[in-house]
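So the structure is just underneath, and the comments pick up after that.
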Amino acid sequence: MPESVSEIKVELRRAVLSESYSEVQRLTMLFCEAVETHVRTLAPGDPSIPEIGAMVQETLQWASSMVRSGRETLALQLTLIPKVKPYLQIVSFPPATLQCDV
């Protein structure tokens, strides 16, 4: 994997953790473009392609999950502000569940 892809991945994770959502969007596109460029340089059937695909999928799923969680936390915090409550239309969601396959 080229160093540029690894560096972008680190920057993307940092942006996700700092809740810099516009930076997350920019870096996600940059990450995908860098990976695509790298994969195009590989020979068809190169054994590293599935590994790269798995890494990309894991990274993007993690980023998506963290962004959703961060935004949900911010939305919840808004509902806790007394002066804001009357202006928010609270939607009832089914309880969250977590499944862990081992």
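Nothing in this text is a laboratory measurement; each read-out follows from the coordinates by a stated rule. Because the structure is predicted, anything quoted here is derived from the model rather than measured. Cβ atoms come from the backbone with ideal geometry, glycine included; neighbour counts cover every protein chain shown.
Numbers below:
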{"quantity": "Residue among Q61, Q77, Q89 with the largest mean-square fluctuation in a Gaussian network model of the chain, springs linking Cα atoms under 10 Å", "calculated": "Q89"}
{"quantity": "Those trypsin sites (Lys or Arg not before Pro) in the chain that DSSP places in a loop and that have at most 10 other beta carbons within 10 Å", "calculated": "K83"}
{"quantity": "Extension gain from R40 to R68, taking 0.36 nm per residue of separation minus the Cα-Cα distance", "calculated": "7.0 nm"}
{"quantity": "Residue-averaged 222 nm ellipticity for the chain, from DSSP H runs of 4+ at -39500 (n - 2.57), nearest 500", "calculated": "-23500 deg cm²/dmol"}
{"quantity": "Listed values (1) 18.3, 60; (2) 14.6, 47; (3) 24.1, 93, entry calculated as Rg and Dmax of the Cα atoms in Å", "calculated": "(1)"}
{"quantity": "Distance in nm between pseudo-label sites at Q99 and R14 (7 Å out along the Cβ direction from Cα)", "calculated": "3.7"}
{"quantity": "Relative contact order computed over the chain (Cα-Cα under 8 Å; 6+ residues apart), in percent", "calculated": "25"}
{"quantity": "Added length on full extension, which subtracts the Cα-Cα distance from 0.36 nm per residue, E3 to E58", "calculated": "18.0 nm"}
{"quantity": "Estimated FRET transfer efficiency when R0 is 25 angstrom, pair Q89-M29 (beta carbons, to 0.05)", "calculated": "0.15"}
{"quantity": "Sites I49 and L78 - FRET efficiency at Förster radius 41 Å, r taken between beta-carbons, to 0.05", "calculated": "0.40"}
